[in-house]
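A quick write-up on the structure given underneath.
Throughout, read-outs are computed from the coordinates displayed, never taken from laboratory work. Only a predicted model underlies this, so the values are computations on that prediction, with no experimental measurement involved. Cβ placement follows ideal geometry from the backbone for every residue including glycine, while neighbour counts extend to all protein chains displayed.
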Amino acid sequence: MYIPKHFQQQSHEALCDLIRKYPLATLVTNTSSGLSANHIPLRLVCKSSSDVVLQGHIAKANPLWKENPEQTLAIFQGADAYISPNWYPTKQEHGKVVPTWNYVAVHASGKIQFINDRSWKLSFLHSLTTEHESNQEQPWAISDAPKDFIEKMLDAIVGFEIAVHELNGKWKISQNQVEKNQAGVIDGLSASSDTKAITLASVMAQHTPVDH
């Protein structure tokens, strides 16, 4: 991923937070039949900046685990939105403005290892379910389903872990614009009916402006 210096997210905490908020990753691997992309929710195990693991599972019918690729890239996409030149106050001053697209994204690359151990898969699913059910009024648990049904489901999946060796983040949120243009973009996004645009405005508002 091309990341100009002023768009680079260097906060390890911010990178991990985005993965937790947007866990559905595009998992890209190079297989014998060419590039493969799968969309999979991943669980982050972030022990330290140098010890990051992503956990997930795929259907056993998915041929990816048989290919057993060594390296993979997980792409996490946060909020994004179109940016209109009309939101820049400098448009009225000199007109030298063009449209763009703002977004936040994290790329995690590393070695993938597939896991068929039943106890690992069950433990992982418990953790994944607990995380995503935490905001439910009455959280669903694996124990709510019949045991024999869960046993069959376990047989139908393959787990995996990605030992992340490189974690990069790109926060393209108008840092290359003067502060009054940044403020104009925040106002424009905030007035939108698009929830992604409103979320992006919040991200921009929390970001410390770049000095010019």
Open item on the list: Restricting to Cα pairs below 8 Å that are 6+ residues apart, what does the relative contact order work out to for the chain? Please round to a whole percent.
Closed with: 26 percent
Task: Residues VAL178, VAL203 arranged by fewest to most Cβ contacts within 10 Å - done: VAL178, VAL203
TODO: Calculate the translational D of the range 58-181 in whole µm² s⁻¹ from Stokes-Einstein, where the hydrodynamic radius comes from the Kirkwood formula applied to all Cα pairs, the temperature is 20 °C and the viscosity 1.002 mPa s.
DONE: 114 µm²/s
Open item on the list: Just to be sure I understand: with springs between alpha-carbon atoms less than 10 Å apart, which residue in ALA197, ALA108, ALA145 has the highest mean-square fluctuation in the Gaussian network model of the chain?
Closed with: ALA145
Task: Binned Cα-Cα distances of the range 39-123, short to long, each 10 Å bin given as a whole percent - done: 13, 32, 22, 14, 13, 6, 1
- [ ] Can you pull the one-decimal nm distance between simple spin-label points at MET1 and LYS96, each 7 Å off the Cα toward Cβ?
- [x] 3.0 nm
Open item on the list: Can you tell me the mean projection area, over all orientations, of the convex hull of the chain's alpha carbons? Units nm², please.
Closed with: 14.6 nm²
Task: Diffusion constant of the range 141-191 at 4 °C, which comes from Stokes-Einstein with the Kirkwood Cα-pair radius and 1.567 mPa s, µm²/s - done: 79 µm²/s
Open item on the list: Can you tell me which lysines have their Cα less than 20 Å from the Cα of LYS180? Leave out same-chain residues fewer than eight positions away.
Closed with: LYS91, LYS96, LYS172
Task: Ranked ASP144, ASP80, criterion: other C-beta atoms within 10 Å, fewest first - done: ASP144, ASP80
- [ ] Give the order of MET153, MET204 when sorted by the count of other beta carbons within 10 angstrom, beginning with the fewest.
- [x] MET153, MET204
Open item on the list: Counting pairwise Cα distances across the range 113-212, what percent come out greater than 20 angstrom?
Closed with: 63 percent
